[in-house]
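One structure is given here, and the rest of the page talks about it.
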Amino acid sequence: MFPDQANEQHLNHVETLLFAGNQYLSIKESEETVRGNVASQSNRIWVRTLPQLKEGHTMQFFNKPVDKNHVSLTDLYGTTINSVLTSVATKANLTFGEISGQSWTIQREPGRWVGKVAETPRAETKSADRYVLHDFPRELPDKVVNHDDICCTWSGIKASWPMATDALTSPLNDMIVIFEDSKLKFYPFGQAPNNAPQLTLDLQPGEQLVMAQWATDHYVQEWIDKVGLYLSDDSMAYNH
């Protein structure tokens, strides 16, 4: 709890990482506040670049500040995307707001990353910030999601692993990772599905995929060294 003024208290501000790529990150923000005896909940969702994370971000959502430190769909695709956004808004039958392309996210669906565009309250309204996500009918460019290909169709993967909820394959097509029964199961590519995986990792409750990065050649040792450095006990204690 962070007291602000006598009649106002900030109860909680939470930022949740939804996607992390080489250049872009998707972040969900929520803020619960009390003004007098009235509690309110505000929610926003953004895509930011790594440098934008270093910039100051807006708090006090109820004051309707404009947060310029984000990447809009127009920034990514250019003004030609405006007609697509208009089409999405028309098909969505908007109930409370608008689709401007400023607020959007990168979301995981089985076997791939997809874009979702947010319907948000109009700037002139006094209602709390909130959003509803709608399908975005464009493929995400490589600079956003980098390697996002799987070896075969999702239906083909489900035929071999009926309990699978997601899958990843390496850029060299020598490894496939199956999400199944709250576990990550690693197989050499081409190994029969009824064989035991080479490695199985348990997922914690609520744990979700936010990044899929593959390393080859000398980058393998770099990942091992840097992960060991940043996730060491001493580093974690320092960061806290």
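The values are calculated or read from the model by the stated rules, or taken from the named source; none is laboratory data. None of the values given here were measured: they were computed from a predicted structure. Note that we place each Cβ from the backbone using ideal geometry, even for glycine, and neighbour counts take in every protein chain shown. In case anyone asks, the SASA skips ligands and DNA or RNA and just uses the protein heavy atoms, side chains included. Shrake-Rupley method; radii C 1.70, N 1.55, O 1.52, S 1.80 Å.
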Label corresponding to mean projected area of the Cα convex hull in nm² when calculated from the structure given, among [x] 16.8; [y] 14.2; [z] 12.7
[x]
Which percent of the accessible heavy-atom area of the range 126-240 goes to carbon and sulfur, probe 1.4 angstrom?
54 percent
For residue 155, solvent-accessible area (1.4 Å; no DNA, RNA or ligand), Å²
80 Å²
Nearest-20 debye value, the chain charge dipole, Cβ charges on Lys, Arg, Asp, Glu
700 debye
Projected onto the charge dipole of the range 64-203 (unit charges on the beta-carbon of Lys, Arg, Asp and Glu, signs +1, +1, -1, -1), the Cα from 162, 187, 128 with the largest positive-side position is that of 128
Any chance you could give the angle, 0 to 90 degrees and rounded to 10, that helix 82-92 forms with the longest Cα principal axis of the chain?
90 degrees
With all protein chains modelled, accessible area of residue 95 [1.4 Å, Å²]
120 Å²
Please identify, among 141, 205, 51, the residue showing maximal mean-square fluctuation in a Gaussian network model of the chain using a 10 angstrom Cα cutoff.
205
Given the Cα-Cα distance of residue 23 and residue 148 and 0.36 nm per residue of separation, how much length would full extension add, in nm?
43.5 nm
Just by accessible area at a 1.4 angstrom probe, what is the order of 109, 180, 207, 222 from largest to smallest?
207, 222, 109, 180
Would you tally the net charge around residue 133, using a Cβ to Cβ cut-off of less than 15 Å, leaving residue 133 out, and scoring K and R as +1, D and E as -1?
+1
Rounding to the nearest 10 and keeping the result within 0 to 90°, find how far the Cα-based axis of helix 219-230 lies from the longest principal axis of the chain.
50 degrees
Considering only the other residues whose Cβ falls under 10 Å of the Cβ of residue 27, what net charge follows from Lys and Arg at +1 and Asp and Glu at -1?
+1
If the limit is 18 Å between Cα atoms, which of 91/116; 116/158; 54/143 go over it?
116/158; 54/143
Sequence of 148, 202 from largest to smallest accessible area, 1.4 Å probe
202, 148
Using a 1.4 angstrom probe on the protein heavy atoms only, line up 112, 35 by accessible area, largest first.
35, 112
For the range 157-173, just list the computed ³J(HN,Hα) in residue order, Karplus coefficients 6.51, -1.76 and 1.60, θ = phi - 60°, integers in Hz, with x standing in for Gly and Pro.
5, 5, 5, 8, 10, x, 8, 5, 10, 6, 7, 10, 10, 6, x, 8, 6
